[in-house]
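Here's the structure, in structure tokens; my notes come after.
The values are calculated or read from the model by the stated rules, or taken from the named source; none is laboratory data. All of these numbers come straight from a predicted model, not from anything done at the bench. Please note: Cβ atoms are built from the backbone with ideal geometry, for glycine as well, and neighbour counts cover all protein chains shown.
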Amino acid sequence: MPYLELKSVSKGYGSNGSRTEVLRDVNLSIEQGEFVAIVGYSGAGKTTLMSILAGLIRPDTGSVTLEGREMSGPGPDRGLVFQNYSLLPWLTVAENVRLAVDQVFPEKTEAGRAAHATEFIEMVNLAPARDKRPHELSGGMRQRVSVARTLAMNPKVLLLDEPLSALDALTRANLQDEIARIRAQQKQTVVLITNDPDEAILLADRVVPLTAGPNATLGESFIVDLPHPRDRKALNHSPRFRELRRDISEYLLRSRQDRHATVTRKLILPDIDPEDLSVPRNMLGRTRPLRSSEAREATVEVSS
Amino acid sequence: MKAFKFDWFILPLIGIAVVLLMWQISSKTWAKELPTPHKTWEASKDYVLKPFEKRGEMDQGILRFTWYSLILVAKGYAIALIIGTPIGFCLGLSKAFTKTFDPIIQVLRPVSPLAWLPLGLVLFLGAGKQASELGALFTIAICAMWPTVLNTAVGVRAIPQDYLNVAKVLKLSRWKTLTKVMIPATMPYMFTGFRLSLGIAWLVIVAAEMLTGRPGVGGFLWQEYNALLYEHIILCIITIGVVGFVLDRLMSLVESRFKTA
Ligand SMILES: Nc1ncnc2c1ncn2[C@@H]1O[C@H](COP(=O)(O)OP(=O)(O)OP(=O)(O)O)[C@@H](O)[C@H]1O
Ligand SMILES: [Mg+2]
């Protein structure tokens, strides 16, 4: 039985008039201890998918199960690292982490919780910044606080929503190694969302592409059968790595092109007549541009 | 350095000089009853230079009067905040609550303190000697409450979904979500409301004291008008203005401390 499972999940936003279907018929099953990376275009619905996994939003159809039980709402057993950090700006680094620790380990003593928080702040190398507030930190540091806060909850499933995409290449490489290390140590189940196929292959056991939206869905899985720990430099020369990268990129590109080929749109011109700018605007009853369906009779002066 | 002094010191002084000049001219030409700046100073000297002296119930140093007024304002203002903040939270949190009470609030909000005061006095008629104080407090509270109510409501509605998501993922209890996330996130808006409320409370006090004849800057002003001592009216006006300005500055300082990035 899979550990975490999505079955024919779909989700759209908005009501009848201006509705966009974001996800359609998404199926995913993840084994315990597996590291799955989901790659997809910006705006395809990756955050939406993550929010469903975290239980923050309910899918319109389909089911989400964790350990065989239907998921009801969010909880600290699924630690989510938000795409936009989501640190509380009025709390210091330590306090942000403590909020999570205090909530998840109420049985520990005060000193025990403090030590626990410190351990994870040190893990992400933020000990010198522990009393700073988020607005005093760089983007990468905020991201690390967010990671520390989530890891400190000791979640069964770690959900990472593009945790590194806002960072520069160097910090990014550092944090990738950090994630690989933490994961080798703690062996949680991890779902990583990213827009970078290289990152996905470097870290994950399995890469699942999310096709371009709207109506995005998960494509076939690519098993990354490269041994751990993976070395970034050596990887670049590995033929298997290059093959995977090519396949994934091609799959994503194709998902977009297919869309171009198959979607037929009925073009409806806006039902509105251009406003005649030479007519002075009436201050009281502002004349709005006429809809062509409203125009009963039009007098047109023709000068020759 | 020189430019700095010019901007912040010389220019305001020029402004004061212009106003004094216009005052002087007015009192010499069209407003004969208006005391000149010099006469005003001569008549007010005692009150300003011995600001804490008490010569009689309605004849005290100007800061002593101010102090009485401030105490009354503080009480009324405290009531306004204690009632206004929770109402603001309810408005921000519940659509049903908003739909139920928003029309009433919009109708009560523009009512002048002068209209509330008689009602306040009637309400507390049974309180005997305390009636005028309770009536004044009622008026201050009900007039000063609205900016706090409305700003808190706006602040609650503006809490970023991200913060609420953090609370959800951590499974914070309702109480903890309120105290650890929602109240801190609303603080900046709340303090803007508090500052505006304080301004109004100070406006109302004068009206309240004038009508109830309580000792204080407003009561003094009204008494001296009736006693035809017009110099003291001006003294009171200046005092009210300066105190209001200082209060606003102080609240701005507090407010800026709560502006989280
Ligand atoms: N709360 C919402 N209401 C309406 N539409 C939404 C909402 N959230 C997301 N969308 C829409 O759903 C689509 C997918 O959004 P989502 O945030 O899941 O994309 P994403 O893949 O995470 O993008 P990115 O890589 O930029 O983070 C977008 O077109 C977005 O406009
Ligand atoms: Mg996203």
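Taking the conditions (1) touching a strand residue (DSSP E or B) at 6+ places or on another chain (Cβ under 9 Å); (2) away from ligand 1 (no atom under 13 Å from the Cβ); (3) aromatic (F, W, Y) in turn, A:W90 satisfies each one other than (1). Residues in region A:51-95 that are farther than 28 Å from A:A200 by Cβ and within 13 Å of chain B (Cβ to nearest Cβ): A:S72, A:G73, A:L88, A:P89, A:W90, A:L91, A:T92, A:E95. The set of residues in region B:184-205 that are more than 10 Å from chain A (Cβ to nearest Cβ) and either out of contact with any Phe, Trp or Tyr (no Cβ under 9 Å at 6 or more places or on another chain) or closer than 30 Å to A:Y85 by Cα (or both) comprises B:T186, B:Y189, B:M190, B:F191, B:T192, B:G193, B:R195, B:G199, B:L203, B:I205.
Checked across region B:234-257, the condition of being within 14 Å of chain A (Cβ to nearest Cβ), touching a residue at least 40 places away in the same chain (Cβ under 8 Å) and polar (S, T, N, Q) holds for no residue.
Looking at region A:51-60, is at least one residue more than 11 Å from ligand 1 (Cβ to nearest atom) and closer than 19 Å to A:P209 by Cβ? Yes, region A:51-60 has at least one match. Screening the candidates B:K176, B:K180 for the property of being surrounded by fewer than 22 Cβ atoms within 10 Å (Cβ to Cβ) and of a type in the set (K, R) yields one hit, B:K176. Elements of the type strands (runs of 3 or more DSSP E) sitting completely within region A:1-105 and holding at least 3 residues that are under 21 Å from B:P160 (Cα atoms): these cover A:78-81. For region B:166-182, indicate whether the set of residues that are within 14 Å of chain A (Cβ to nearest Cβ) and touching a strand residue (DSSP E or B) at 6+ places or on another chain (Cβ under 7 Å) is non-empty. So far as region B:166-182 goes, yes, one or more of its residues are within 14 Å of chain A (Cβ to nearest Cβ) and touching a strand residue (DSSP E or B) at 6+ places or on another chain (Cβ under 7 Å).
Within region A:31-48, the residues that satisfy the criterion of being among the polar types (S, T, N, Q) and within 11 Å of ligand 2 (Cβ to nearest atom) are A:S42, A:T47, A:T48.
Residues being small (G, A, S) and touching a helix residue (DSSP H, G or I) at 6+ places or on another chain (Cβ under 7 Å): count how many of those fall in region A:65-106. Step through it out loud before you land on a result.
Initial filter on region A:65-106 (small (G, A, S)): A:68, A:72-73, A:75, A:79, A:86, A:94, A:100.
From what is left, the residues that are touching a helix residue (DSSP H, G or I) at 6+ places or on another chain (Cβ under 7 Å) are A:79, A:86, A:94, A:100.
Result for region A:65-106: 4.
Residues that are in contact with a helix residue (DSSP H, G or I) (Cβ under 8 Å, 6 or more places away or on another chain) and of a type outside the set (F, W, Y) within region B:12-26 comprise B:L20, B:Q24, listed in sequence order.
On inspection, A:T48 qualifies as within 14 Å of another protein chain (Cβ to nearest Cβ), in contact with a Phe, Trp or Tyr (Cβ under 9 Å, 6 or more places away or on another chain) and either over 25 Å from A:R256 (Cα atoms) or near ligand 1 (Cβ under 9 Å from one of its atoms) (or both).
Return yes or no: is A:R240 surrounded by 11 or more Cβ atoms within 10 Å (Cβ to Cβ), modelled with pLDDT under 85 and not in a loop (DSSP other than H, G, I, E, B)?
On the way: surrounded by 11 or more Cβ atoms within 10 Å (Cβ to Cβ): yes; modelled with pLDDT under 85: no; not in a loop (DSSP other than H, G, I, E, B): yes.
Judged against the criteria, A:R240 is not a match.
When A:L167, A:L210, A:L159 are checked against the criterion of being within 14 Å of another protein chain (Cβ to nearest Cβ), within 16 Å of ligand 2 (Cβ to nearest atom) and touching a Gly at 6+ places or on another chain (Cβ under 8 Å), a single residue qualifies: A:L159.
Could you look through region A:192-223, keep only residues that are in a strand (DSSP E or B) and out of contact with any helix residue (DSSP H, G or I) (no Cβ under 7 Å at 6 or more places or on another chain), and pick out the one that is farthest from ligand 1 (Cβ to nearest atom)? Working first, answer last.
Within region A:192-223, the first condition is being in a strand (DSSP E or B), and the residues that meet it are A:192-194, A:206-210, A:216, A:218, A:222-223.
Narrowing further to those that are out of contact with any helix residue (DSSP H, G or I) (no Cβ under 7 Å at 6 or more places or on another chain): A:206, A:208, A:216, A:218, A:223.
Values: A:R206: 19, A:V208: 14, A:A216: 8, A:L218: 13, A:I223: 23 Å.
Filtering region A:192-223 for residues that are in a strand (DSSP E or B) and out of contact with any helix residue (DSSP H, G or I) (no Cβ under 7 Å at 6 or more places or on another chain), the one farthest from ligand 1 (Cβ to nearest atom) comes out as A:I223.
Within region A:121-137, residues that are more than 14 Å from every other protein chain (Cβ to nearest Cβ) and free of Cβ contacts under 8 Å to residues at least 40 places away in the same chain sit with their Cβ atoms under 6 Å from residues that are surrounded by 13 or more Cβ atoms within 10 Å (Cβ to Cβ) and of a type in the set (G, A, S), at 6+ positions apart or across chains, in these pairs: A:I121/A:A148; A:R130/A:A94. Would you be able to say whether some residue in region A:61-82 is within 16 Å of ligand 1 (Cβ to nearest atom) and basic (K, R)? No; the residues of region A:61-82 include none that is within 16 Å of ligand 1 (Cβ to nearest atom) and basic (K, R).
Going residue by residue through region A:23-31, is there one that turns out to be more than 20 Å from B:K171 (Cα to Cα), buried (at least 18 other Cβ atoms within 10 Å of the Cβ), more than 16 Å from ligand 1 (Cβ to nearest atom) and within 20 Å of the chain's Cα centre (by Cα)? First the steps, then the outcome.
Step one: filter region A:23-31 for residues more than 20 Å from B:K171 (Cα to Cα), giving A:23-31.
The next check asks that each one be buried (at least 18 other Cβ atoms within 10 Å of the Cβ); those that pass are A:23-24, A:26, A:28, A:30.
Of the ones still in play, those that are also more than 16 Å from ligand 1 (Cβ to nearest atom) are A:30.
Now narrow it down to the ones that are within 20 Å of the chain's Cα centre (by Cα): A:30.
Yes, the conditions are met somewhere in region A:23-31.
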